[in-house]
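To start, the structure under review is shown below, and the notes come after it.
The values are calculated or read from the model by the stated rules, or taken from the named source; none is laboratory data. In this text the structure is predicted, and so the values were computed from the model without any measurement. Methodologically, a virtual Cβ is constructed for each residue, glycine included, from the backbone with ideal geometry; neighbour enumeration extends over all protein chains shown.
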Amino acid sequence: MITAILPTYNRGAALPTTLPRFLALRGVERVVVVDDGSTDDTRQVLAAFDDPRLTVIRHDPNRGSPAARNTGVEAATTEWVVFLEDDCGFPDDYATTLLRVATETQADVVGAPWLNVPEERYAAEVARRRAEPTAEFGLDTHPGTFPPHTMETPFLCALALVRTEVARRVRYDDTLRGNAWREETDFYLRAVEAGHRVVCTPETASWQAGHWGGGQHPRVVPYEYWLLRNNWAFLRRHAAYLRRHGGVPSIARAQARLASRRATILARRAGGAAKRRLRG
């Protein structure tokens, strides 16, 4: 029915916590983990799992999460794939709820909100956000935003259910390297532009399972370089759509706003680090 695709990189510490939950998801026949050239103990951690539903594929060297997602899709044998992330948590019926919504709406891609809270705060946060929905989805919409009902939009988080043939046809753009900024939005927009139905549903959500090192997070300067580089490539590719539907009248101004926001974030972090050093 559904294959779960899990790209992972240097997250050996996270997988003992999150992978058992992924294997327990209803409707998931197989979990394909793509170890994207990890240099920690990820290989050994994965080898310790004794479950016939688990398939591990290794990239060597690291090729980036878009390439890892594409590799996972190529290995899928089911009609649908669901993309997971190694530091996130999901209710047991996450995949089956998305599949039901896909059937009801005849959608090819179904996403749901992601909440930056731990599991113990999940239920309360879902209730709060469902009580404050918004129908205005755009490029800068927070991934934790709940729509009032299932609605068409390409502005989803990465944790979506996708018809396998669509994922193979559209593919993730593996030229978005480094932190792969905009990889999922680029994928969804290209799916929409190819005529596929993409929706967001408030009927389920995911959460932040924990915080671990590793992942697609290079040092500060490379991270910011790839963020701005990938964002500009994304804006140029989708300028016409974003002007019509994404609230982006000018891609140059959108890029400048992002650069300004990132500078503010970095300045705040630097200030916080300086205060901690003084207290220490």
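Side notes on the structure shown:
- Test for Glu165: is it surrounded by fewer than 19 Cβ atoms within 10 Å (Cβ to Cβ), at pLDDT 95 or above, among the acidic types (Asp, Glu) and assigned to a helix (DSSP H, G or I): yes
- Screening the range 228-245 for residues that are within 13 Å of Glu193 (Cα to Cα) and among the basic types (Lys, Arg) and picking the one that is modelled with the highest pLDDT gives Arg237.
- Test: residue in the range 58-80 that is hydroxyl-bearing (Ser, Thr, Tyr) and surrounded by fewer than 17 Cβ atoms within 10 Å (Cβ to Cβ): yes
- The range 232-254: number of residues that are over 13 Å from Arg190 (Cα atoms) and within 20 Å of the chain's Cα centre (by Cα): 3
- Only listed residue being among the hydrophobic types (A, V, I, L, M, F, W, C), more than 19 Å from Ala95 (Cα to Cα) and under 19 Å from the mean Cα position of the chain (by Cα), chosen from Val117, Val166: Val117
- Once the range 123-139 is narrowed to residues that are under 20 Å from the mean Cα position of the chain (by Cα) and farther than 18 Å from Tyr188 by Cβ, the residue that is surrounded by the most Cβ atoms within 10 Å (Cβ to Cβ) is Val126.
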